[in-house]
Every structure is written in C-alpha cells, then in structure tokens.
Amino acid sequence: MPAATPEKSDNSVRSAIARRAGRLDGVASAPGDKSISHRALMLGALAVGRTRVTGLLEGADVLATADALRRLGVPVTRQPDGDWTIDGVGVGGLAAPDSVLDMGNAGTAARLLLGILASQDLRAVITGDASLCRRPMARVTDPLSQMGARFDCAAGDRLPLTVWGARAPVPIVYALPVVSAQVKSAVLFAGLNTMGETSVIEVSPTRDHTMRMMRHFGCTVSSARGRAGMRVTVRGWQEYSAADLSVPADPSSAAFPLVAALLAGSGAVTVRGVCLNPLRTGLYDTLAEMGAGLSIENRREVSGEPVGDLVAEAGALNAVAVPAARAASMIDEYPVLAAAAAVANGTTRFEGIGELRVKESDRLSAIAGGLARCGVPVRSGDDWMEIDGSGGRPVAGTGPDNPVATLHDHRIAMSFLVLGCASRDGVAVNDTAMIGTSFPGFVPLMQSLGAPIEALTDPTDKPPGERA
Ligand code: S3P
C-alpha cells in the first residue's frame, strides 16, 4: 500500500457494507502506531534540536497533535520524503498559544498534552469534537492540580477547558486510581519540567511507550517494583537532545486485516513491522489461545520497541474467557475480538472491561448493540460481556437499511466491517468517516486483500440510518 497522505484518506466514505470474504490474501502495511506517534511529536517538541520521525501515523488524531504543537511555537514539518521533523524547543520552551487547541477526536493527545502544559508557565484553551467533550478529564486534572496547575473545565470535568500551567510545579508521587497509560504519561510529561523527581505507581501494568521513548531520547527514567506496584520516576529539568526514531506499525490497527484473515474462508495475510510491546499484545495472546493460525516472524527491535511480522491464516477459532488482568494490554482490541468471538466455537466471556464505556464511544454498548443487530447472541453487564459464537458458520449480518451504528467511533466501524467478512448477508455500517482518525486508507487496503467492501451512497449523500 502506498504511504497514505492526510489528503488521500478515505475520510469522505460515509456508509459502507462488507460482504463475506471467500479468500483474503496478501501483505498489508498497517499505519504507524498511534500511541507512539503522539509521543514522538511531543517528546521531540521538548527535546533540544531536530528530531526526524519515520513512519508517523498521518491519521487525524496525530495531525491534531502536530497542529497543537505548532500553535505552541514548535516547528513541526512533513518533509517531501514523508518523514516528519520536529525542531524541539527544550523542556520549558513552549509559547502561549494565541488560539484554541482543538484536539478533534483524540483523547490520548488531549490528556498527554494537558500533562505537558501543566508544568509550562502559560495559559491555553483545549477543546475537541462532541465525542472528546464527553470524555472524563478529571483523571488527569486531579494529579496535575496536585502539581500546581489550575483548570477551568466544562461541567463534569470535561472539555472545553482552560489550563494555567504551574509557574513553579511541584513533584508528586501519584498512585494511579485508574488503569490508564494516558494518566501515567500525563504525569510523567509534567514531571519533565518540574524540579525534582516525579513518580507514578501502577498496580496493573499499562503500555510503557513513554518510558521507553524517554530512554530512547537519553532521559533518565527509572522503574522499580515495590509492594504497591511498579513505580516509574522521571527526573525533572533534564535537557535532553533530539533523537531520530522509526514508528512501528500499530498492533491495534494491524488487528483489523489480521482478524479479517482469520475469519475469511481461506488465505493468509501478513502485516510487517508491527509493534509487539508486551503490554500491547493481549489480543494476539488471546487469539493464540483461541487456536488461531497466527505466527510471528522476524522479531527485532526498532527505536526501543520490539517489532515483528505477523501472519494470520484462515481457520476455526474456539471461545475463551478473557481475564480482567489482560484488559490493559488489549483495551482497544475488544471490538475486533468481539467479531472473532461471534464466529468462534462456544461462548466467549470478557471481564473487567468497564473502561470501554469511556472510549471514543461507550464501546461496551456499541459492541453489544451491533452484534445483536447482526443476529449474534450477546449478553452484557457493567463491565463484562458474553458472546455466543456461531461455531464457524457465517453470522446473519445486517443490510443497508438497518446498518450498525458506529457512534462516530473508528474502531467500531472497522470491527463490524471485519465481521461482515464472515457474514451471510453482509454487515453495513452507517458511518465510516472516523476511520481516518487512526487508519487512513483502511477500506482500499482491505479491498486490496480481497475483502468485498463497498461504499454505500445515495443522491442525498446521507448514510442509510439518516435517510428520510
Ligand atoms: C493510550 C492509552 C489507552 C488507549 C488509547 C491509547 C495511550 O487509553 O485506549 O487508545 O496512548 O496511552 P487509557 O489510558 O484511557 O487506557
């Protein structure tokens, strides 16, 4: 697949239908990892000198981070060869923005940026789209207030908000009350411009890209396991130098073509250069337990992250119980795992998935509602779900007149298009516009592997669910 540019994403495709895939075959390149891309821009911005990033995700979420950093006085440039450069201004060098920072749909960008702004002596206003303005921000504003930042938030600690960064931030030791890499990273980012040592303690491990990348940039970050959990500590006021880095493919995005390949009638799909950080691979461990034909080749390390090529081969899957302890390592992958569970042999159970309720949509409801619409028996509670698999037969699916509601959530849209590849009547989704936030070029990529996905348009250009 050619490198997708922002202009060439499939953002304009609205409703679509995926039909049963007889055979999926080929080599797919998934876009750069979203978590790593945000962090590369942000850590590059606080470094001294020019950082060059290869393979940056050019989805709308990451472009929102790039734009916000420019408004904060950091030169961020897409070079003609597709690499990105960031001319870092140093840990305390951001300028007050003269306009609102609009983070669009990007929760990670908003929360991590709040961490950075909390220890800069400036005022900024942050907002986002309707989905982001519904998401809780107290989880970051609480610890950042303890460090001295002040916030004026919309009702319920939501965006839009104004942040006044602390002139003399104080270091804290913060025991995470929620299992969240975003909160952990926000506090560590704030610690970079805070005199002394700032620590975060987590009971349940979450993705550690921030720590790995800080080390890649030459920062001193320590981690130590204690009785209370893992304690990660960053020393403040370290001027660190720019460092080039390569962004591996996103395991959360690679999951869509790979799971589609598992569900197709036959064939095999390879995705090269996927980030295999052990705190991100819960989906792949689960699929292996389900008996999936999944293999990893060519393991290597890229810019401080483990990477490999993943190969998925069509075949039968067995139901499993996914324990709560695994949730953090696959928090974004439950929607696509639900598609696999829908055709597995037996009943799959997910536990400890309450955090899905505060993602880009209430994903627990979105998955349950979509599966029910496709004729898949599903039961759910506050933080659990059970899905009765079809035992390898195609699920019924749902046509253009009764499409799955994606609730403007990229991963819900892609997951149900994947399920369509294993359906009798196809699976229609009402809106695919948000796919561009994380996976520009998703529909053409899937089509190139053999997935029968078609855009559904009508003269009014309204998705079926909204037609008169
Ligand atoms: C992310 C952390 C996770 C994940 C999100 C990316 C990150 O969110 O869902 O897509 O890059 O730190 P939480 O921290 O809310 O679990």
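Throughout, read-outs are computed from the coordinates displayed, never taken from laboratory work. Because the structure is predicted, anything quoted here is derived from the model rather than measured. For neighbour counting, all protein chains shown are included, and Cβ atoms are generated from backbone atoms with ideal geometry for every residue, glycine included.
For the chain, the spread of Cα coordinates along the three principal axes comes to 62, 53, 44 Å, biggest extent given first.
Judged by the ratio a/c of the largest to the smallest principal axis of the C-alpha gyration tensor, the stretch 124-189 counts as oblate, that ratio being 1.5 or greater while a/b is no larger than b/c. Does the stretch 1-142 come out rounded, prolate or oblate, given a ≥ b ≥ c as the square roots of the eigenvalues of its C-alpha gyration tensor, rounded meaning a/c under 1.5 and, failing that, prolate meaning a/b above b/c? Judged from the Cα gyration tensor, the stretch 1-142 comes out oblate (a/c at least 1.5, b/c at or above a/b). Considering only 95, 73, 122, and ranking their Cα positions along the charge dipole of the stretch 62-214 that arises from unit charges at the beta-carbon of Lys, Arg, Asp and Glu, the one farthest toward the positive end is 122. Once C-alpha pairs closer than 8 Å and six or more residues apart are averaged by separation and normalised to the residue number of the chain, the relative contact order reads 21 percent.
DSSP finds beta bridges in the stretch 113-208, and of those with both partners inside it, around 75 percent are antiparallel. Segment residue 382..residue 96, full-extension length gain: 98.8 nm, with 0.36 nm per residue of separation and the alpha-carbon distance subtracted. Kindly identify the stretch 138-227 as rounded, prolate or oblate by the Cα gyration tensor criterion: order the square roots of the eigenvalues as a ≥ b ≥ c, call it rounded if a/c is under 1.5, otherwise compare a/b with b/c, prolate if a/b is larger, else oblate. Prolate, since a/c reaches 1.5 and a/b exceeds b/c.
Taking every DSSP beta bridge that has both ends in the chain, the antiparallel portion is near 75%.
Assign unit charges at the C-beta atoms only (+1 for Lys and Arg, -1 for Asp and Glu), then state the dipole size of the chain relative to its Cα centre in Debye, rounded to the nearest 20. Rounded to the nearest 20 debye, it is 660 debye.
Fully extending the segment from residue 455 to residue 279, taken as 0.36 nm per residue of separation minus the present Cα-Cα distance, adds 59.8 nm.
The Cα center of the stretch 259-318 and the Cα center of the stretch 81-124 differ in position by 34 Å.
Taking other Cβ atoms within 10 Å as a rough exposure proxy, 141, 77, 127 sort from fewest to most as 77, 127, 141. Note on the chain: dipole from Cβ charges, positive end direction compared against 284, 229, 327; the farthest Cα belongs to 229. A simple charge model with +1 on the Cβ of Lys and Arg, -1 on the Cβ of Asp and Glu and nothing else charged puts the dipole of the stretch 79-217 at about 400 debye relative to its Cα centre.
Here the sum of -39500 (n - 2.57) over DSSP H runs of 4 or more residues, divided by the residues of the chain, equals -8000 deg cm²/dmol at 222 nm, to the nearest 500.
Summary value for the stretch 356-402: 29 percent relative contact order, contacts being C-alpha pairs under 8 angstrom separated by 6+ residues.
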